[in-house]
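Report on one structure; see the data block that follows.
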Amino acid sequence: MQFSNYYVPNVTEVTSRGERVYDLYSRLLKENIIFLGTPIDDTIANLICAQLIHLESENPDKDINIYINSPGGDITALFAIYDTM
């Protein structure tokens, strides 16, 4: 995910195998958390649907949390997300 006008913090994960640096949104996704914080259009809907499908395929028994802070957007794009959920 790219936010050219905003600073997205990095998170460093330390394991026995070494360190790995993630952008914050990738780290949240690793924990089955999806954050939607932009107006919803077809591009954003495709991204959210892909994240939902990926997380479901990785672990079908684990809950997926979606945090929404969106002013709204295209209704058909929103329905694509809703149908995928």
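No lab work stands behind these numbers, since they all come straight from the coordinates. Note that the coordinates shown come from a computational prediction; the quantities given were computed from them, not determined experimentally. Here the Cβ positions follow ideal geometry from the backbone for every residue, glycine too, while neighbour counts run over all protein chains shown.
Within the range 33-41, does at least one residue satisfy the condition of being touching a strand residue (DSSP E or B) at 6+ places or on another chain (Cβ under 9 Å), farther than 21 Å from residue 58 by Cα and surrounded by 15 or more Cβ atoms within 10 Å (Cβ to Cβ)? Checked against the condition, which is being touching a strand residue (DSSP E or B) at 6+ places or on another chain (Cβ under 9 Å), farther than 21 Å from residue 58 by Cα and surrounded by 15 or more Cβ atoms within 10 Å (Cβ to Cβ), the range 33-41 yields at least one hit. Consider the range 1-59 and keep the residues that are in a loop (DSSP other than H, G, I, E, B) and among the polar types (S, T, N, Q). The one that is farthest from residue 85 (Cα to Cα) is 16. Of the residues in the range 37-45, at least one is within 14 Å of the chain's Cα centre (by Cα) and in contact (Cβ under 8 Å) with a residue 40 or more places away in the chain.
Determine whether residue 30 is of a type in the set (Lys, Arg) and either surrounded by 12 or more Cβ atoms within 10 Å (Cβ to Cβ) or within 18 Å of residue 6 (Cα to Cα) (or both). Outline the logic, then answer.
On the way: of a type in the set (Lys, Arg): yes; either surrounded by 12 or more Cβ atoms within 10 Å (Cβ to Cβ) or within 18 Å of residue 6 (Cα to Cα) (or both): yes.
Yes.
Any chance the range 3-26 includes a residue that's under 14 Å from the mean Cα position of the chain (by Cα) and loosely packed, with under 11 Cβ neighbours inside 10 Å? No: the range 3-26 contains no residue that is under 14 Å from the mean Cα position of the chain (by Cα) and loosely packed, with under 11 Cβ neighbours inside 10 Å. Please go through the range 7-31 and pick out each residue that is more than 21 Å from residue 68 (Cα to Cα) and without any contact (Cβ under 8 Å) to a residue 12 or more places away in the chain. 12, 14, 15, 16, 17, 18, 19, 20, 21 - these are the residues of the range 7-31 that are more than 21 Å from residue 68 (Cα to Cα) and without any contact (Cβ under 8 Å) to a residue 12 or more places away in the chain. Is it true that some residue in the range 65-79 is among the polar types (S, T, N, Q), part of a helix (DSSP H, G or I) and under 14 Å from the mean Cα position of the chain (by Cα)? No, that holds for no residue.
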